[in-house]
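Below is one structure, written out as structure tokens, with a few remarks after it.
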Amino acid sequence: MTMKNLKGLRGFLIDAPEPGKLRGIRDGAVLIEDGVIAAAGPYDEVRRTPDAELVRWQHSSEAVIIPGLIDIHAHLPQYPVVARVEKALLPWLRRHVFPVEKQFNAATARTFAPFFFEALARNGTTCAMLYATIHEDSCDAAFAAAERSGMRIILGKVMMDSGSYGGLPAEKILPRSLEQSERLCRKWHGRDNGRLEYAFSPRFAVTCTEELMREAGSLARKFDAYIQTHLSENHNEIEMVRSLFPRHPSYTAVYEACGLLGDRTVLGHCIHLGDEEIQLLAESRSAVAHCPTSNLFLNSGIMPLDRLLDAGLRVGLASDVAGGPELDMWRVMRCAIESQKARSFYQTGVRVPAEAEIFHLATLGGARALGKESLLGTLDVGKEADMVVLDLARVLPYGERGNVHSDLSAEEVITLLIYRGGPQAVIETFVRGTSIHRAPPPLLL
């Protein structure tokens with residue numbers, strides 16, 4: 001007889017199955033069987049289910065348990081150059097990003113990618129969509145590190161055949177980039193029953209020819225893989241795209257003509273879109289990665305979040321490291337709220353999202369942007385057990401111990417975490433019910 005792989009977690013369960021609405025069970029429990037949520041509800045009910053009789057329960061009613069946080073746009077090789085200040089995107093790329101990416105070889109990836117994935121898990125991120133560099137060997141090494149880490153990772157080799165830092169003549173870059181990207185996709189896409197997936201990654205229209213973008217889209221459809229790129233981040237970038245592709249009416253129209261839009265496409269930033277561009281994205285079911293910390297850090301602008309959501313677009317949140325200065329998704333959530341508050345000071349009719357709505361975007365919203373809403377994003381029975389256990393005492397002013405959330409609502413807990421949370425609050429991070437990070441116990445003074 002095969003023994004079931006069972007695990008039980010106890011704590012204040014909080015998730016956001018609908019935008020703006022939290023669901024909370026104060027002394028709750030999650031029963032995990034073979035990496036999937038088998039039961040979730042009040043602890044006194046779940047522990048009496050037949051499968052729970054022999055479970056050794058982990059954590060306690062004092063903990064907070066949420067779905068894993070989802071970061072749908074970041075650059076793994078850029079982490080060493082976070083917080084390097086420049087006035088705008090394009091000079092920042094030239095001065096800081098391209099040099100560090102050029103040096104990110106296979107040996108560097110083998111050394112530093114494991115630290116990057118540990119940093120994600122330490123921050124409570126369980127799923128991330130990432131860019132590597134233009135180099136096949138370092139992307140391969142990063143995938144190998146992701147496989148060992150236990151993280152849920154979507155990753156792709158950057159594709160660029162115009163203004164590339166690779167040193168090859170332009171006519172040789174395109175066939176090599178396509179060949180290497182396809183080889184990586186064949187090796188890694190769908191590995192470990194879908195925990196690792198591939199994203200064809202043309203950097204953005206400024207550094208890609210139409211032929212490269214068309215071929216990237218074709219390969220993504222061939223392998224049912226993802227596409228990730230950048231769109232409408234910076235005014236100078238938009239002007240460059242207009243001059244490079246004058247026969248297309250807009251930046252978004254360039255991607256549409258090249259076959260890059262669709263329900264497996266995630267577009268970073270999307271700050272300065274016209275109405276027709278928003279309509280193109282909505283009709284194609286393309287998803288948007290909202291990167292508020294990066295948008296402010298690089299002086300790119302403030303996305304009109306309410307316009308995109310009201311148009312029906314799938315939107316998730318993203319750190320955009322190293323444009324964004326940290327991997328902490330709670331800071332990204334806070335910035336997503338505060339940037340819209342700033343818009344409301346100088347524009348009329350701006351809808352500022354509540355904390356519950358932003359938490360939804362960081363969990364189920366991110367899952368929907370990736371087409372994974374049936375697998376991730378809430379604590380519902382049948383979903384894969386990607387979740388984070390938090391210690392609320394570590395975000396309170398005096399570090400009070402005991403059942404610190406006993407008189408707090410789910411909304412108050414999530415608000416505390418958005419404005420004061422961070423890696424210090426993470427006790428343990430799980431992907432498919434397997435612990436991928438566990439913090440040491442706090443020092444008792």
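Annotation for the range 326-398: chymotrypsin sites (Phe, Trp or Tyr not before Pro) lying in DSSP loop with at most 13 further Cβ atoms inside 10 Å of their Cβ are Tyr398.
Please determine, in degrees from 0 to 90 and to the nearest 10, the orientation of helix 106-122 with respect to the longest principal axis defined by the Cα atoms of the chain, where the helix direction is its Cα long axis. Tilt of helix 106-122: around 40 degrees.
List, in the order given, every pair from Lys102/Lys187; Lys87/Lys372; Lys187/Lys383; Lys222/Lys372; Lys157/Lys341 whose Cα-Cα distance in the structure shown is over 30 Å. Walk me through the numbers before you get to the answer.
Values: Lys102/Lys187 23 Å; Lys87/Lys372 36 Å; Lys187/Lys383 26 Å; Lys222/Lys372 20 Å; Lys157/Lys341 36 Å.
Pairs exceeding 30 Å: Lys87/Lys372; Lys157/Lys341.
Here the translational diffusion coefficient of the range 69-369 follows from Stokes-Einstein with Rh set to the Kirkwood radius across Cα pairs; for 37 °C and 0.692 mPa s it amounts to 174 µm²/s.
When only C-alpha pairs under 8 Å and at least 6 residues apart count, what is the relative contact order of the chain, in percent?
Relative CO of the chain lands at 21 percent.
Between 0 and 90 degrees, the angle of helix 136-149 with respect to the longest Cα principal axis of the chain falls at about 10 degrees.
Its convex hull of Cα atoms gives the range 180-237 a direction-averaged projected area, equal to a quarter of the hull surface, of 4.4 nm². Taking a quarter of the surface of the Cα convex hull of the range 186-323 gives a mean projected area of 8.4 nm². Ellipticity at 222 nm from helices only: DSSP H runs of n ≥ 4 in the chain, each -39500 (n - 2.57), divided by the residue count, give -10000 deg cm²/dmol.
Relative to the first principal axis of the alpha-carbon coordinates of the chain, what is the inclination of helix 329-346, with its axis defined by its Cα atoms, in degrees from 0 to 90 and to the nearest 10? Rounded to the nearest ten degrees, it is 70. Each peptide in 348-354, 337-343, 157-163, 70-76 was scored by the mean count of other Cβ atoms within 10 Å over its residues; highest first, the order is 70-76, 157-163, 337-343, 348-354.
Treating each Cα of the range 1-110 as one equal point scatterer and applying the Debye formula with no solvent, the log10 of I(q)/I(0) at q = 0.11, 0.23 Å⁻¹ comes out as -0.62, -1.21.
None of the figures in this text is laboratory data; all of them are computed from the coordinates on show. As the structure is a prediction and not an experimental result, all values here were calculated from the model. Cβ sites come from the backbone with ideal geometry, for glycine too, and all protein chains shown count toward neighbours.
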